[in-house]
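Report on the following structure.
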Amino acid sequence: MDVRQVFLLSPARCDGPRAALLLRPDGASPAAQSLRAGTLSLGEAFTFMSALYFRGKLTHARAFAGDGSGAASTYIITPTRGLQTPDMLVSTTLLHEFASTDIASGGVTYRAPLDRDLAALAERLGPATRTILLGSIASNKYVDACRLALGERLFFPASFVGR
């Protein structure tokens, strides 16, 4: 994998008020309509649920990731499916699955797929590749798993320290 930077994005809150709007069977937003049509991507879903915070992370990652396209070098940490690309299509069932998982507890439902995917990613990356975590580093819910798999190749933007 000839990528200079890989971005890992922490997930949006899947059990909040914006998620409830997205998941309403009669939701009128374009995102809710796309979800029902089976055409909503993970990046779009998390952007809707988190609004500006996630949108900013995704926009930054796509602009500065590896080859410029951001497609193969931007991954979203999910509550139950490990690392996924922003383009992965989501369903109502999958978003309910995400909402039912407590990431903060560090349980096996969250950690096993994440640990598996981080280990596979670490094997594919060159030694000089920087992996940048865009998400809260004030808690260990993302940092521990990423540090274990990526070691010295894991970086954090200074503006994320303490968040």
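Rolling a 1.4 angstrom probe over the protein heavy atoms with all chains in place gives the chain an accessible area of 49 Å² per residue.
Ordering Ile137, Thr101, Ala112 by Cα displacement along the dipole of region 92-153 toward the positive end leaves Ile137 in first place; charges were set at the Cβ atoms of Lys, Arg (+1) and Asp, Glu (-1). When volume of the Cα convex hull per residue in Å³ is calculated for this entry, the matching label among (i) 162; (ii) 147; (iii) 105 is (iii). Pairs of Cα atoms nearer than 8 Å and 6+ residues apart set the relative contact order; for region 34-155 it is 22 percent. Once you place label points 7 Å from the Cα toward the Cβ at Phe155 and Ala28, how far apart are they in nm? Spacing of the two 7 Å Cα→Cβ label points: 4.6 nm. Against the chain, whose longest principal axis comes from its Cα atoms, helix 140-150 is set at around 40 degrees. Please list, by residue number, everything in region 48-64 whose backbone N is under 15 Å from a paramagnetic label point 7 Å out along Cα→Cβ of Leu21. Inside the label zone: 48-55. Please list, by residue number, everything in region 1-33 whose backbone N is under 17 Å from a paramagnetic label point 7 Å out along Cα→Cβ of Met88. Residues passing the 17 Å test: 7-15. Ranked by the mean number of other Cβ atoms within 10 Å per residue, highest first, peptides 58-65, 15-22 order as 58-65, 15-22.
Angle of helix 52-64 to the longest C-alpha principal axis of the chain, folded into 0 to 90 degrees and rounded to 10: 40°. Surface composition of the chain: carbon and sulfur atoms hold 55% of the protein heavy-atom accessible area at a 1.4 Å probe.
The values are calculated or read from the model by the stated rules, or taken from the named source; none is laboratory data. The structure presented is a predicted model; accordingly, all values stated were derived computationally and were not measured. Heads up, the Cβs are rebuilt from the backbone with ideal geometry, glycines too, and the neighbour counts pull from every protein chain shown. All accessible areas refer to the heavy atoms of the entire protein, side chains included, with ligands and DNA or RNA removed. Shrake-Rupley method; radii C 1.70, N 1.55, O 1.52, S 1.80 Å.
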